[in-house]
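J.: Input: one structure, supplied below.
Bear in mind that the values in this text are calculations on the coordinates, not laboratory data. Predicted model, so just to flag it, every value in this text is computed and none were measured. Cβ placement follows ideal geometry from the backbone for every residue including glycine, while neighbour counts extend to all protein chains displayed.
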Amino acid sequence: MRALAFATALALSPLAATAQSVEELARDYAALPAVQEMMSAMFSPEASAAQIAATLPPGMELTEQQLTDLGTLLSEELIDFQPRLEVLMIEGMINTFTVEEMQAMIEFYSSDVGRSILVQTQPMFTSIMTQLAPEMQARMMGRQNDIMAIIMGQ
């Protein structure tokens, strides 16, 4: 009986009232200024231009002005996906991380160092993918017949 009374008192204590679910923590994480900045950067004209440059067929080159114009156009078209990205990110975190992991991520990415790392990660990966994309495309084009055979069930 004492154990039940203790458990009830603990459940009603301020400590229990401050416990957050993974979903609440995922929403808190998504609302961090650095996370919002990172998501905005993903849809920026610069990131969009880099994505276009990375997916150009081998040998095709565009001027800086063409890339700027295309980046602006693509950014304007895709910026509406940012809220959906946030929803999917929250859902992914709910299905992936524990309360403790979410708390650690929030603590780290709320720090100056964590914020800096988070904000710099997206442009770094865009740069890496821009460098790798032509080679990746060339390899996939070299396997186009094999890919089509698999798709066609042959």
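J.: If neighbour count is taken as other Cβ atoms inside 10 Å, put Ser48, Ser127 in order from fewest to most.
T.: Going from least to most buried by this count: Ser127, Ser48.
J.: Could you run the Karplus curve 6.51 cos²θ - 1.76 cosθ + 1.60 with θ = phi - 60° over the range 141-153 and give me ³J(HN,Hα) per residue in whole Hz, x for Gly and Pro?
T.: These are the phi-based 3J(HN,Hα) values: 5, x, 10, 4, 5, 5, 4, 5, 5, 5, 4, 7, x Hz.
J.: Taking every alpha carbon pair in the range 90-154, what does the distance histogram look like in 5 angstrom bins from 0, in percent?
T.: The distribution over the range 90-154 is 4, 14, 11, 12, 13, 11, 12, 10, 9, 5, 1, given as percents.
J.: Would you kindly calculate the mean projected area, averaged across all directions, of the convex hull enclosing the Cα atoms of the range 20-151, in square nanometres? Don't skip to the answer; put the middle values down first.
T.: Values: hull surface 41.0 nm².
Convex hull of Cα atoms, orientation-averaged projection: 10.3 nm².
J.: Starting from the 7 Å offset along Cα-to-Cβ, what nm value, one decimal, do you get for the label separation of Glu46 and Gln120?
T.: Distance between label points: 1.4 nm.
J.: Also: Given a cut-off of under 8 Å on Cα pairs at least six residues apart, what relative contact order in percent is computed for the chain?
T.: 35
J.: Rounded to whole Hz and in sequence order, give me ³J(HN,Hα) for the range 44-56 from the Karplus expression 6.51 cos²θ - 1.76 cosθ + 1.60, θ = phi - 60°, writing x for Gly and Pro.
T.: Result, ordered by residue: 6, x, 5, 5, 5, 4, 5, 5, 5, 4, 6, 9, 5 Hz.
J.: Would you calculate, for the chain, the mean residue ellipticity at 222 nm contributed by helices, counting each DSSP H stretch of 4 or more residues as -39,500 (n - 2.57) and dividing by all residues, to the nearest 500?
T.: Theoretical 222 nm ellipticity from helices: -25500 deg cm²/dmol.
J.: Now, a different point. Report the semi-axes of the equivalent ellipsoid for the range 42-115 in whole Å, largest first, where each axis is √(5λ) for an eigenvalue λ of the Cα gyration tensor.
T.: Taking √(5λ) for each Cα gyration eigenvalue gives 34, 14, 12 Å.
J.: For Phe43, list long-range residues whose amide hydrogen, built 1.01 Å from N in the peptide plane, is under 5 Å from its own amide hydrogen.
T.: Under 5 Å from the amide H of Phe43: no residue qualifies.
J.: If you don't mind, another one. Karplus couplings for the range 95-105 from phi (6.51 cos²θ - 1.76 cosθ + 1.60, θ = phi - 60°), rounded to Hz, Gly and Pro as x?
T.: Karplus-based 3J(HN,Hα) across the range 95-105 equals 7, 10, 10, 8, 4, 4, 5, 5, 4, 5, 5 Hz.
J.: Just to be sure I understand: with springs between alpha-carbon atoms less than 10 Å apart, which residue in Thr63, Thr121, Thr72 has the highest mean-square fluctuation in the Gaussian network model of the chain?
T.: Thr63
J.: Local charge sum around Asp69 (other residues, Cβ-Cβ under 14 Å, Lys/Arg +1, Asp/Glu -1)?
T.: On the way: positive: none; negative: Glu46, Glu64, Glu76, Glu77.
It works out to a net charge of -4.
J.: In whole angstrom, note down how far apart the Cα centers of the range 68-97 and the range 107-147 are.
T.: Rounded to whole Å, the Cα centres lie 15 Å apart.
J.: Measure nothing but the geometry: give the 0 to 90° angle between the long axis through the Cα atoms of 64-78 and the longest principal axis through the Cα atoms of the chain, rounded to 10°.
T.: Orientation of helix 64-78: about 40 degrees from the principal axis.
J.: So, one more: Less than 15 Å from a label point 7 Å out along the Cα-to-Cβ axis of Gln144: which backbone N atoms in the range 60-93 qualify, by residue?
T.: Correct set: 60.
J.: OK, next. When a footprinting reagent is the concern and you count Cβ atoms within 10 Å, what order do Leu25, Leu88, Leu73 take, fewest first?
T.: By the 10 Å Cβ count, ascending: Leu88, Leu73, Leu25.
J.: Measure off 7 Å from each Cα along the Cα-to-Cβ vector at Ser110 and Thr63, then give the distance between these two points in nanometres to one decimal.
T.: 5.0
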